[in-house]
Structure formats: C-alpha cells, structure tokens
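Only the coordinates and a few stated rules stand behind these numbers; no lab work does. Note that the coordinates shown come from a computational prediction; the quantities given were computed from them, not determined experimentally.
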C-alpha cells in the first residue's frame, strides 16, 4: 500500500510483555507500521519476540534504552532480523538505510528528544551493519 502521509507511526498501540528478567519482549497484538517517508504500510503479527533498542557500548553514556523505548525498535529489529524483507509481505523490502530512517521517524513520532533520536540514528548507521541479516 502506498501512503501520502509523510509521518511514520504504528497503530494500534503495541502491547508488550516482558519475558523473564532479561531484555526480551513479546508483541501481544497485531500492529500496522505506517511509513510515510517510503510510502509503505505493513503488518507485524502478534508473537514477535525482540530485545528492544540495542545501544552500542560507546553510546550508552549519551543514549539509554529508556530514552528510545520499544515502539521504534520493534519494526527496526524486525527489518534487521529479516535483512529488510517484511515478513508479513515479502514483496516489501527495505535497504538498511531505509530501515534506519524508519527508526528515526518513529523515534520522532513517539516523542524522543530530537538530539537523542539523531544520536541513536547515527549509532545504528555507524554500528548496526553487523546485525543486518543478509539473506
């Protein structure tokens, strides 16, 4: 589906459940990712397990997991884990740069301070490549 709205957002609001005492989180409901920058809408199905925002050690003095939250990290982790292929619709593919742009747009949408959002975006651009799954 193509969009004309330039914003990125997720609807309905994701419901998360923490797993054990670790960093893992389960998505409890289906959500739709609205990516206005790239004109895409796609679904993330309930049951996805992910580890929330991963902050490189070099950046942890500036950015914390709590600064970003799970909402922007969810589609970013899904895309990184699938090499940019949307699992619910394999016809939709993202480059790593597009996935990182979506991450930035979603951070802005949920109210992450712009300086933190930009720093997190730079961190994934600089340090995220080893985590991008190649198919």
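Taking 70, 101, 26 as the candidate residues, the one with maximal mean-square fluctuation in a Gaussian network model of the chain, Cα springs under 10 Å, is 26. Relative contact order of region 69-113, taken over Cα pairs closer than 8 Å and 6 or more residues apart, is 41 percent.
Report the Cα centroid-to-centroid distance between region 108-133 and region 40-64 in angstrom, as an integer. Taking the Cα centre of each part, region 108-133 and region 40-64 sit 9 Å apart.
Under the definition of Cα pairs under 8 Å and six or more residues apart, what whole-number percent is the relative contact order of the chain? Don't skip to the end; give the middle numbers.
Values: 229 pairs, mean separation 28.6, N = 135.
Computed over the chain, the figure is 21 percent.
Dividing the helix sum by the residues of the chain, where each DSSP H run of 4 or more adds -39500 (n - 2.57), gives a mean residue ellipticity at 222 nm of -10000 deg cm²/dmol.
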